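This report refers to the structure that appears directly beneath it.
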Amino acid sequence: MPDWNAVFVPSTPVLEIFLRGTITFLVLMAMMRAAGQREAGGLGITDVFLVVLVAQAVAPGLVGESHSITDGVILAATVILWSLVLDAVAYRWPRLSRVIKARPRLLIEHGRLNHKVMRRELMTRSEVTVQLRLHGIEDISQVQRACLEPNGMISILRQNGTETDEPARPEVL
């Protein structure tokens, strides 16, 4: 017969779990903001490995010596709570939103690359042209404006004022 106390009764003080979750979440959030918007979009295999490794690296700091299901639930609730709190703060106070949330960054204007944004996001010209081709644009002069969006995707407005379609998805073989 299982020891139900060991399964459901928190093995670590609730305040400690809350503090561990809070500190870890806020530090990782700050690190991701510092990494730049480009890292938010479409996950590749190395990105997935990075997420798994980061999760594995912070797990001991998050859970400490906990062993119960309740500890994990409290920790998950803490992370979700902070995510909601930051969203609410960004919504309520737009000035703080600039610090908490990423904003679109102007990557191309009137057919000219914004090299400052490219440097900040560590994007090469060839990476930008790949994105343009995915939107069906061969020449950068066809672009009125292109923005690197907070989710890491690039939105493009053509010189004639029309938005491009969503980037083409590769066909499955």
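For this structure, a couple of remarks:
- Gly152 vs. criteria at pLDDT below 90 and small (Gly, Ala, Ser): yes
- Scanning the stretch 118-130 for residues that are surrounded by fewer than 19 Cβ atoms within 10 Å (Cβ to Cβ), of a type outside the set (Gly, Ala, Ser) and not in a loop (DSSP other than H, G, I, E, B) yields Arg119, Arg120, Arg125, Glu127, Thr129, Val130.
- Subset tally (residues that are surrounded by 15 or more Cβ atoms within 10 Å (Cβ to Cβ) and under 30 Å from Val85 (Cβ atoms)) for the stretch 105-117: 2
The values are calculated or read from the model by the stated rules, or taken from the named source; none is laboratory data. Being a predicted model, the structure only gives us computed values, none of them experimental. Every residue, glycine as well, gets a Cβ built from its backbone with ideal geometry; the counts of neighbours run over all protein chains shown.
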